[in-house]
Each structure stands twice: as C-alpha cells, then as structure tokens.
Amino acid sequence: MDEKIFEITGEIQEKGGKKPFSKKVKATTESFANEKVICLFGSKNKVKRNRIFIKETKEVKADGKK
C-alpha cells in the first residue's frame, strides 16, 4: 500500500492543564496514523493513552512529490 502523510491535531492532558499539539506522520490509513501518534507520545513523553485527545486528522499533500 501507498503511504500518505497525515496531520494530527489534538491535546495532551497534563497536571497544569491541556497542551495542544500538531504532528505529521506517514501512515497507510487514518486510523493507523492516529495510533502511531498515540504510541509516539507514549514512548517519548511517557504520556498514557487516556491523556491524549485527538481532535482532527487530515491528509496532507507531500511537498514536491507526485
């Protein structure tokens, strides 16, 4: 399958409140892109899945690629 680029926006709930984020990832489907972002924040920032809220997922065009 062909990989696409998705831009995921949402919030991470922290002790001081909610922190917004925007992340671009390569994935084959929208649901896989969402899961990838949750895994990345969990492994790099030690954030539990129930503290990550995804608001929007949209496909973006790759720059300079057809």
Taking the conditions exactly as written (over 13 Å from Glu3 (Cα atoms), of a type in the set (Lys, Arg) and within 10 Å of the chain's Cα centre (by Cα)), does Lys55 satisfy them or not?
yes
Looking at this structure, is Val47 among the hydrophobic types (A, V, I, L, M, F, W, C), in contact with a Phe, Trp or Tyr (Cβ under 8 Å, 6 or more places away or on another chain) and touching a residue at least 24 places away in the same chain (Cβ under 8 Å)?
yes
Scan (1) exposed (fewer than 15 other Cβ atoms within 10 Å of the Cβ); (2) modelled with pLDDT under 95 for the single condition Ser22 breaks and write down its number.
(2)
Is it the case that some residue within segment 27-47 is of a type in the set (Phe, Trp, Tyr), surrounded by 13 or more Cβ atoms within 10 Å (Cβ to Cβ) and not in a helix (DSSP H, G or I)?
no
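The values are calculated or read from the model by the stated rules, or taken from the named source; none is laboratory data. Since we're looking at a predicted model, the values are computed, not measured. Using ideal geometry, Cβ is built from the backbone for each residue, glycine included, and neighbour counts are taken over all protein chains shown.
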